[in-house]
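One structure below.
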Amino acid sequence: EEMVNYFDYDYPPPDSRQPPFRVSTELAPTPWNPKTLLLAVGIKGYELPKTQLPPANLVFLIDVSGSMNAPDKLDLLKPALKLLTRQLRPEDKVAIAVYAGAAGMVLEPTPGSQKAKIEAALDRLSAGGSTNGGAGIQLAYNLAREGFVEGGVNRVILATDGDFNVGTVSFEALKNLVETQRKSGVALTTLGFGTGNYNDQLMEQLADAGNGNYAYIDTLREANKALVEQMSATLLTIAKDVKIQIEFNPAVVEEYRLIGYENRVLRREDFNNDAVDAGDIGAGHTVTALYEIALKGSGGNLTEPLRYGKSVETAEARGDEIAFLRLRYKQPDSDVSQLLEWPIRRQSTVRDARETSERFRFAAAVAGFGQMLRGGRYTGRFDYDDVLALARAARGPDPYGYRGEFLTLVGLAKSLDPGKGGESGQMVR
């Protein structure tokens, strides 16, 4: 799902801020299995130009431990944060805190107009020592609360490889620390750097716990994408704890599976529980989820029919519906969720996949490629050439070259792959 959501699919935006996003759905034959259907669910947050962002109170929390002493870590982190610094306005302010064996402040809250002072503080940073991430997080939140701006953007930006090895090092303890701190109204963005000891799971889940977002930075191009092109989505949360639940009609659907999102799946009872945390959406942000569906009688199911299947009497009365989509979200300043609902009707199915939108076909190509990299258990004879053909035909406008880069990546994988393995997972009845 991270690969699919790397790309922008140009979903139509909402007409207003209430609700703060718009949901689009599209249903068509699955490229890798003509006996099944692919349901694409896209969410688009309302767009806000970065010039219209409310005043920002930012704290750069930077890991300067010994593990950060590498060209793709601290040496990349400095110019990356300079890109964000150059977007700041006079009404914005930045403080810089660092942590290694201990934590400390290296720049007091400074107006965005004093870019040279902020950049000079970044240039002075050097790496060495062990990593006490918990102490750094505490300090950064304290600084953010001291400079809190009512109605503004209040955010800690944590830049690290996630290799915490002294102080609070427990995965759950760090998550709990961030969950406690978010109650102050300060959000958390995590920026990941480096390879080898890099802790992707921790970075992603800390951002989730902190009502924020996460980006992995391995080049200045990626830094520009997250911190300049998508600055509004990165900094301004427009809806928090966004949850999607789809109920498939058992009178129509034999099987279904959600593609990806293994570490984000919620229990059914958690959907209505406002105490359960979920992902957040920033201004202009898009989220895409894909479901593969086998209809009854299609021959696309992978398991034997249940002898004692669920009663479908009620479901048959709604035979025009394939599924029912529910979405819950909270306003950034609220702890009570709001519910939105839409039926997904069978008549909305596009019979010929070639007549679907470019965004549907490109997302399907990316999802097919991602599954192939995990062994291709469900993709059958769908191969790299099929991915390339589907993606090329759906490339569309590509102002930053990301889709072209995807085509290059697929070609590279094709030249390196000696054959197919196996992917874990199963269809859900």
Phi-derived 3J(HN,Hα) across region 403-416 with the Karplus relation (6.51, -1.76, 1.60, θ = phi - 60°), rounded Hz, x for Gly and Pro, is 5, x, 5, 4, 4, 4, 5, 5, x, 5, 4, 4, 6, 9
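May I ask for the net charge around residue 352, where only other residues with Cβ less than 14 Å from the Cβ of residue 352 are counted and Lys, Arg are +1 while Asp, Glu are -1?
On the way: positive: 351, 354, 361; negative: 26, 355.
Around residue 352, the surrounding residues sum to +1.
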Shape category assigned to region 133-281 from the gyration tensor of Cα positions, a/c cut at 1.5: prolate
Per-residue accessible area, 1.4 Å probe, largest first, puts 155, 354 in the order 354, 155
So what J values fall out for region 332-347 if you push phi through Karplus, 6.51 cos²θ - 1.76 cosθ + 1.60 with θ = phi - 60°, rounded to Hz, Gly and Pro as x? x, 9, 10, 10, 10, 7, 10, 10, 10, 9, 8, x, 10, 8, 4, 5
The local net charge around residue 297, scoring Lys/Arg +1 and Asp/Glu -1 for residues other than residue 297 whose Cβ lies under 11 Å from its Cβ, equals +1
As a test question: what accessible area, to the nearest 10 Å², does residue 337 have when a 1.4 Å probe is rolled over all protein chains in place? 20
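In µm²/s, what is D for the chain at 20 °C and 1.002 mPa s, where D = kT/(6 pi eta Rh) by Stokes-Einstein and Rh is the Kirkwood radius from Cα pairs?
Details: Rh = 23.1 Å.
Rounded, D is 93 µm²/s.
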What residues qualify as long-range amide H neighbours of residue 323, i.e. H under 5 Å apart, gap of 5 or more or another chain, H built at 1.01 Å from N? 249, 344
Mind listing the phi-derived Karplus ³J(HN,Hα) values for region 89-96, rounded to whole Hz, using 6.51, -1.76 and 1.60 with θ = phi - 60°, and x for any glycine or proline? 9, x, 6, 8, 9, 9, 10, 10
Once the whole set of protein chains is in place, how much accessible area is left on residue 73, using a 1.4 Å probe, in Å² to the nearest 10? 10
Using Cα springs under 10 Å in a Gaussian network model of the chain, which residue among 391, 173, 95 shows the largest mean-square fluctuation? 173
How many percent of DSSP beta bridges within the chain run antiparallel, rounded to 5? 65
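GluC sites (Glu not before Pro) within region 243-286: which are DSSP loop residues with at most 11 other Cβ atoms inside 10 Å? Let's see the in-between values first.
Working: sites: 247, 254, 255, 262, 269; in loops: 262.
In loop regions of region 243-286 (DSSP not H, G, I, E or B), the sparsely surrounded GluC sites (Glu not before Pro) are 262.
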At 1.4 Å probe size, what's the solvent-accessible area of residue 50? Round to the nearest 10 Å². 70
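If Lys and Arg each add +1 and Asp and Glu each add -1, what is the summed charge of the other residues whose beta carbon sits under 14 Å from the beta carbon of residue 172?
Working: positive: 175; negative: 179, 208, 277.
Combined, the nearby Lys, Arg, Asp and Glu give -2.
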Just from its helices, what would the mean residue ellipticity at 222 nm be for the chain, if runs of 4 or more DSSP H residues each count -39500 (n - 2.57) and the sum is divided by every residue, rounded to the nearest 500 deg cm²/dmol? -7500 deg cm²/dmol
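The values are calculated or read from the model by the stated rules, or taken from the named source; none is laboratory data. A quick note: this is a predicted structure, and the numbers were derived from the prediction, not measured. In this analysis, Cβ positions are derived from the backbone assuming ideal geometry, glycine residues included, and neighbour counts consider all displayed protein chains. Accessible surface areas use protein heavy atoms only, side chains included; no ligands, DNA or RNA. Shrake-Rupley method; radii C 1.70, N 1.55, O 1.52, S 1.80 Å.
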